[in-house]
Structure formats: C-alpha cells, structure tokens
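Participant: One structure is given below, represented as structure tokens, and several questions about it will come after.
Read-outs: derived from the displayed coordinates by stated rules, not from any lab. Nothing here was measured: the structure is a model prediction, and the numbers come from that model. Cβ: placed from backbone, ideal geometry, glycine included. Neighbour counts: every protein chain shown.
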C-alpha cells in the first residue's frame, strides 16, 4: 500500500510536468532552449536566484522582495524558470523550493524539515527585514501551509514573520485533504479503478495518521484559515481533478466570510489541466497576474504597459 501511494505521488509529478508542456517533444525542445537562470543551491530542496536588476539607495537590498516559488512535484528547472523570470525581471530575488514525493509521504522527516529550513533562511540577517511574496503550485500550497505554521511558531511578537508577506498566489493548489481523490482521478479514467485506488490511499492515510495524516489535516485547516491577509490570487480549472475547483472555491469563501480577507482574487479556466494554466492560456494568465500585481504596492509600477488595456477587459475577479 505504501509503495502504491508513493508510486501515485511520483506519477502525479509526471502528470504535472506533462500537463505543463504536454507530451509533444517539440514543445519540450522549445522550453529546453530558454536561457538558463543562474542560482545558488542552498540545499537539496532550495535554490536562490538573484535578480540582475540593480537596486538604488542604502536600504534597497532589504526592501528587495524575496519570492518563495514553491514548486510542483518533479518540476524541471527550466520549467520553473519560466515563472521565476517574471520576478527576477522585476527586481525580486527568488527562492525556488522543491519537494520530493517521499518528503510529502513522511512529513515529520520531510516537508516539515523543508519548511523549517525555509523559515530559518527567512530569518538570516540579510533576509530578516525583506518583504516576502509567495507563488505556490500544486503541492507547494501544502508546503506553504507548513511554512506558515513554522513562521507562527518562530514569531516572538505577532506578525514578526507573517506580517512580511505582501502577496500570495496559489496555482493549481492541492488541498491534501483531497489527495486520495486527486491521485486516483489523475492516474485512471475508469471509475472502478479510481474508487479502488482512492480506497487504498484512504486506508494508508488512516493507518499513518500519527506520522503523516494529522499533519496534512492541520495544514489543510490552516489553508482554510490563513491568518495572512495580504492580497491573494487563486488560479484553478474545472477540468483539474487534482486541484479541486470546489475545494478552492470553498476555501476562498471561507477566507472571505470567516477570516475577513477582503483582497482575494480568482481566475478560473474551463479546460486547462493541472499546472498548465499559463501554458494553455498565456494571455489570460498574464493579464490576471498583472492585474493582481496592481494590488501589491511593490509591483504596482512594474506592470507591462503593453497589456494595460487587456487587463481592463480580462481582469481577475475579486
């Protein structure tokens, strides 16, 4: 059972990669020819990319935002770089964080360790005053919940760390409370097989409650009750069985009505697959992204002028 669940997560990562660039080799070739982005490996999970855009003023480096780019499973570096360049070109440094399937399966020795290392990095002397912007994909949304828990635990005064977050983006986020359904539907099209795999994974999660499932549940609860009220944007699709549109819309509703968030925006698609929204709907994706940037003071004057008119007609929904 453990092996089948691990295989399912690995296959989910492959599906995410396939969704983003498709199985067409020529498309993958185009991605491969994109210029590389230099980065400094912090550890096996973290890579720091420094922006080449110069800064001005004595305190400019501390005011330069640090973007947490929380990747989907088994993402290729060149694919992730398509997103990190958005921020590097706007003067932000980017910390790319990737998890391995086993680190999700065993949170105590995996995802929670990764989350703590991210928080430790944010508290380094060179980083402790910098604004934080979060862009998470798929299981990266779960990792962000783990990071938030570690941030709150590390705060000597309320908001010391969480108050530095200036914006949050969730792309195809997976609520791990729905992980069994998501993996089963991503792996198989036959209803009988879907139900069988879903039951197997649910049984595994029940058996592994103490070392694993309780942590997913706690993270899911924080996902629905995020204390950070910085502007948030959710990208999702009604054709995505992994990042459930229903779960995301329920989360958005809860954040608005119960948590008092007044700057939550959504952009939904009808047919794009998991982690494929930018690839399938590039114009709409960027119009929504730039519209959202206008809600974040640092990015407000860094929106591409050539899309300003398009933003007015294809803006995100609040």
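Participant: Calculate the FRET efficiency for residue 125 and residue 56 from the Cβ-Cβ distance with a Förster distance of 22 Å, rounded to the nearest 0.05.
Facilitator: Details: r = 22 Å, r/R0 = 0.98.
Given R0 = 22 Å and the Cβ-Cβ separation, E is 0.55.
Participant: Let me ask something additional. Restricted to Cα positions, what overall size does the range 120-175 have along the principal axes? Three whole-Å values, descending.
Facilitator: Taking the Cα atoms of the range 120-175, the three principal extents are 32, 19, 17 Å.
Participant: I would also like to ask the following. Mind giving me the nanometre distance, one decimal, between the label points for residue 302 and residue 157, set 7 Å out from Cα along Cα→Cβ?
Facilitator: 2.7
Participant: So what is the diffusion coefficient of the range 91-152 in µm² per second by Stokes-Einstein at 4 °C and 1.567 mPa s, using a Kirkwood Rh over Cα pairs? Don't skip to the end; give the middle numbers.
Facilitator: Numbers: Rh = 12.2 Å.
The estimated diffusion coefficient comes to 106 µm²/s.
Participant: Computed FRET efficiency, Cβ-Cβ of residue 254 and residue 78, R0 41 Å: what is it to the nearest 0.05? Show your work: numbers first, answer last.
Facilitator: Numbers: r = 36 Å, r/R0 = 0.88.
Computed FRET efficiency for residue 254 and residue 78 comes out at 0.70.
Participant: Kindly identify the range 78-187 as rounded, prolate or oblate by the Cα gyration tensor criterion: order the square roots of the eigenvalues as a ≥ b ≥ c, call it rounded if a/c is under 1.5, otherwise compare a/b with b/c, prolate if a/b is larger, else oblate. Walk me through the intermediate numbers first.
Facilitator: Values: a/c = 1.99, a/b = 1.31, b/c = 1.52.
In terms of gyration-tensor shape, oblate.
Participant: Using a Förster radius of 35 Å, what is the FRET efficiency between residue 294 and residue 44 based on their Cβ-Cβ separation? Nearest 0.05, please.
Facilitator: Plugging the Cβ-Cβ distance into 1/(1 + (r/R0)^6) gives 0.45.
Participant: Given 20 °C and 1.002 mPa s, how large is the Stokes-Einstein diffusion coefficient of the range 194-268 in µm²/s, with Rh as the Kirkwood radius over Cα pairs?
Facilitator: D = 152 µm²/s.
Participant: Need the full-extension length gain, residue 246 to residue 209, defined as separation in residues times 0.36 nm minus the C-alpha distance. One decimal, nm. Mind dumping the intermediate values first?
Facilitator: Details: separation 37, 0.36 × 37 = 13.32 nm, distance 2.48 nm.
Extending this stretch completely gives an extra 10.8 nm.
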